[in-house]
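K.L.:
Before I ask anything, here is the structure I am working with.
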Amino acid sequence: MRALGPLMIDLPGAEITPADRKRLLHPAVGGVILFARHFEHRQQIAELVAEIRALRRPHLLIAVDQEGGRVQRFVGDGFVKLPAMGRIGALFAQDQQAGLKAALSIGWLMAAQLRAIQVDISFAPVLDLDRGISGVIGDRAFDAHPDAVIALAISYIEGMKKAGMAAVGKHYPGHGAVAADSHIAHPVDKRSFSEIEKTDLRPFRALAERFIPGLMVSHVTYPEVDALPAGFSTVWINQILRQQWGYQGAVLTDDLSMEGASVVGDIPARVEKALAAGVDMALVCNHPEAVDAVLAQLAPEINPQREARLGHLFGHGGHIAFESLPYKPEYKQALRWIEQLGEEPPDLFPGMD
């Protein structure tokens with residue numbers, strides 16, 4: 001039995017090669033993130049997940065971005081196309097109770113389908129505000145108003161929890177107020193801390209106080225708070241999140257291969273600086289050669305606190321077999337909400353003869 005390392009990586013293709021296996025067995029690795037390129041059909045992705053889980057004990061954390069809308073990696077062969085969170089927010093603006101019920105129902109469906117194939121976490125929900133500024137956020141956010149985001153996120157997370165999945169909110173401390181996309185640029189939010197605290201920070205603080213199990217940190221720089229992007233900032237991670245808020249959940253970086261992270265150096269340097277700032281798990285995606293460079297240098301020490309925090313992210317409870325999900329009343333209710341939100345509903349019994 002070994003500890004989970006502080007690095008989450010991906011696979012170049014849909015099969016585990018000998019080189020992949022060597023990386024996944026490295027003690028510095030603790031998780032795997034899956035993308036659309038890994039999904040061919042349901043049986044194949046379930047077998048890939050099972051193969052990853054069998055490599056180690058405890059098994060590596062297995063993650064995916066399955067928000068809905070523009071960001072959903074598994075679609076088809078029974079995986080329901082989920083609406084963007086902004087559509088739930090629009091329903092909430094018309095009818096608050098309906099919006100809350102839809103959030104809970106769709107959160108359950110998203111998580112239940114992933115847990116049925118033993119994926120541990122989806123990086124959701126988005127806790128950013130849709131200020132109409134950030135194209136990369138946009139309708140991935142529930143709403144522009146903090147109170148609406150808080151209410152909908154609580155319901156969505158409750159649905160996830162009922163399906164056996166821990167929530168990982170993103171992108172702390174808020175990506176919605178900058179136009180630049182951290183995937184390809186260096187976004188800078190020039191507002192004062194007091195202004196951010198009154199608006200974008202509120203959903204993160206509210207959910208941290210309710211112990212959301214994980215938070216993903218953005219690559220946005222807030223120069224009035226710290227010169228470094230948030231994912232490398234001891235101010236944002238240790239002083240504010242840990243010390244002032246008393247947050248005890250896991251902190252994860254966004255993908256460190258993104259352009260917004262490049263301001264602190266090459267990828268090994270980014271991993272080192274993120275971990276030094278207090279991050280529990282650093283993500284490196286789409287660059288296997290960079291992962292090899294990191295693993296050649298990184299020798300993580302056993303950290304019981306990090307272990308405990310990451311342990312909260314494992315899937316929990318008895319998952320429901322994928323073929324049984326369409327018979328659940330929660331599934332049928334979720335499809336009704338999806339249809340009401342304007343998404344074309346699938347067959348009631350997808351993938352079944």
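The values are calculated or read from the model by the stated rules, or taken from the named source; none is laboratory data. The structure displayed is predicted, hence computed values, not measured ones. Note that we place each Cβ from the backbone using ideal geometry, even for glycine, and neighbour counts take in every protein chain shown.
K.L.:
Hey, among ASP65, ASP20, which residue is of a type in the set (Asp, Glu) and over 26 Å from LYS161 (Cβ atoms)?
P.N.:
None of the others qualify; the one that does is ASP20.
K.L.:
Tell me which residues, restricted to region 240-275, are touching a helix residue (DSSP H, G or I) at 6+ places or on another chain (Cβ under 8 Å), hydrophobic (A, V, I, L, M, F, W, C) and in a helix (DSSP H, G or I).
P.N.:
LEU241, ALA261, VAL264, ILE267, VAL271, ALA274
K.L.:
Condition first: out of contact with any Lys or Arg (no Cβ under 9 Å at 6 or more places or on another chain) and under 20 Å from ALA180 (Cβ atoms). Now tell me which residues in region 226-262 satisfy that.
P.N.:
ASP226, ALA227, PRO229, ALA230, SER233, TRP236, ASP255, MET258, GLU259, GLY260
K.L.:
Under 8 Å between Cβ atoms, at least 6 apart or on separate chains: pull out the pairs that start in region 20-43 with a residue that is farther than 22 Å from THR253 by Cβ and end on any residue that is modelled with pLDDT of 95 or more and part of a helix (DSSP H, G or I).
P.N.:
From residues that are farther than 22 Å from THR253 by Cβ, the pairs are PHE39/ILE45; ARG42/PHE322.
K.L.:
So is PRO187 modelled with pLDDT under 95 and either under 26 Å from VAL264 (Cα atoms) or buried (at least 23 other Cβ atoms within 10 Å of the Cβ) (or both) or not?
P.N.:
Here the answer is yes, as PRO187 does meet what is asked.
K.L.:
So ALA308 ticks every box in (1) over 17 Å from LEU104 (Cα atoms); (2) hydrophobic (A, V, I, L, M, F, W, C); (3) at pLDDT 95 or above but one. Which box is left unticked?
P.N.:
Failed condition: (3).
K.L.:
Let me ask something else. Give the residue that is farthest from GLN44 (Cα to Cα), with candidates limited to residues of region 68-99 that are among the hydrophobic types (A, V, I, L, M, F, W, C) and in contact with a Pro (Cβ under 7 Å, 6 or more places away or on another chain). Lay out the reasoning, then the answer.
P.N.:
Step one: filter region 68-99 for residues among the hydrophobic types (A, V, I, L, M, F, W, C), giving 71, 74-75, 79-80, 82, 84-85, 88, 90-93, 98.
When the remaining residues are screened for being in contact with a Pro (Cβ under 7 Å, 6 or more places away or on another chain), the result is 80, 85.
Numbers: VAL80: 17, MET85: 28 Å.
Checked region 68-99; the qualifying residue farthest from GLN44 (Cα to Cα) is MET85.
K.L.:
Give me the pairs: first residue in region 60-78 and free of Cβ contacts under 8 Å to residues at least 60 places away in the same chain and over 24 Å from PHE314 (Cβ atoms), second residue buried (at least 21 other Cβ atoms within 10 Å of the Cβ) and among the hydrophobic types (A, V, I, L, M, F, W, C), beta-carbon distance under 9 Å, and six or more apart or on different chains, which are they?
P.N.:
VAL75/LEU82
K.L.:
Still on this model: In region 44-58, which residue that is free of Cβ contacts under 8 Å to residues at least 60 places away in the same chain and not aliphatic (A, V, I, L, M) is surrounded by the fewest Cβ atoms within 10 Å (Cβ to Cβ)?
P.N.:
Going through the qualifying residues, I end up with ARG57.
K.L.:
With the requirement that a residue be among the polar types (S, T, N, Q) and within 17 Å of the chain's Cα centre (by Cα), what does region 177-235 give you? Give the derivation first.
P.N.:
Kept after step one, since they are among the polar types (S, T, N, Q), are these residues of region 177-235: 182, 192, 194, 199, 218, 221, 233-234.
Of everything in region 177-235, those that are among the polar types (S, T, N, Q) and within 17 Å of the chain's Cα centre (by Cα) turn out to be SER182, SER218.
K.L.:
Same structure again: Suppose the filter is polar (S, T, N, Q) and within 20 Å of ALA151 (Cβ to Cβ); does THR199 pass it? Walk me through it before giving the result.
P.N.:
On the way: polar (S, T, N, Q): yes; within 20 Å of ALA151 (Cβ to Cβ): yes.
Here the answer is yes, as THR199 does meet what is asked.
K.L.:
Related question: Would you say PHE211 is aromatic (Phe, Trp, Tyr), at positive phi and surrounded by fewer than 23 Cβ atoms within 10 Å (Cβ to Cβ)?
P.N.:
Yes.
K.L.:
May I pose another question? How many of the residues in region 54-69 are among the acidic types (Asp, Glu) and part of a loop (DSSP other than H, G, I, E, B)?
P.N.:
Looking only at that region, the number is 1.
K.L.:
Could you list, in sequence order, the residues of region 109-135 that are part of a loop (DSSP other than H, G, I, E, B) and either more than 30 Å from GLU40 (Cβ to Cβ) or small (Gly, Ala, Ser) (or both)?
P.N.:
Once the filter is applied, which keeps residues that are part of a loop (DSSP other than H, G, I, E, B) and either more than 30 Å from GLU40 (Cβ to Cβ) or small (Gly, Ala, Ser) (or both), region 109-135 yields ALA124, LEU127, ASP128, LEU129, ASP130, ARG131, GLY132, ILE133, SER134, GLY135.
K.L.:
A further question follows. Tell me which residues, restricted to region 263-277, are of a type in the set (A, V, I, L, M) and out of contact with any Lys or Arg (no Cβ under 8 Å at 6 or more places or on another chain).
P.N.:
VAL263, ILE267, ALA269, VAL271, ALA274, LEU275, ALA276, ALA277
K.L.:
In region 121-131, what residues are farther than 17 Å from GLU195 by Cβ and surrounded by fewer than 24 Cβ atoms within 10 Å (Cβ to Cβ)?
P.N.:
Going residue by residue through region 121-131, those that are farther than 17 Å from GLU195 by Cβ are 121-127, 130.
Scanning region 121-131 gives PHE123, ASP130.
K.L.:
Any residue that is assigned to a strand (DSSP E or B) and surrounded by 14 or more Cβ atoms within 10 Å (Cβ to Cβ) - is there at least one of those in region 13-29?
P.N.:
Yes - at least one qualifying residue is present in region 13-29.
K.L.:
Please enumerate the residues belonging to region 101-150 that are polar (S, T, N, Q), without any contact (Cβ under 8 Å) to a residue 60 or more places away in the chain and over 19 Å from ILE212 (Cα atoms).
P.N.:
SER134
K.L.:
Same structure again: Among (1) outside any helix (DSSP H, G or I); (2) more than 21 Å from GLY31 (Cβ to Cβ), there is one condition GLY278 misses while meeting the rest; what is its number?
P.N.:
Condition (2) is where GLY278 drops out.
K.L.:
Sticking with this structure for a sec: Which of the residues belonging to region 70-108 are in a helix (DSSP H, G or I), farther than 16 Å from GLY342 by Cβ and in contact with a Leu (Cβ under 8 Å, 6 or more places away or on another chain)?
P.N.:
Correct list: LEU100 only.
K.L.:
Going by the conditions given, is VAL80 surrounded by fewer than 22 Cβ atoms within 10 Å (Cβ to Cβ), of a type in the set (Val, Ile, Thr) and within 20 Å of LYS332 (Cα to Cα)? Working first, answer last.
P.N.:
On the way: surrounded by fewer than 22 Cβ atoms within 10 Å (Cβ to Cβ): no; of a type in the set (Val, Ile, Thr): yes; within 20 Å of LYS332 (Cα to Cα): yes.
Spelling it out, it is not the case that VAL80 is surrounded by fewer than 22 Cβ atoms within 10 Å (Cβ to Cβ), of a type in the set (Val, Ile, Thr) and within 20 Å of LYS332 (Cα to Cα).
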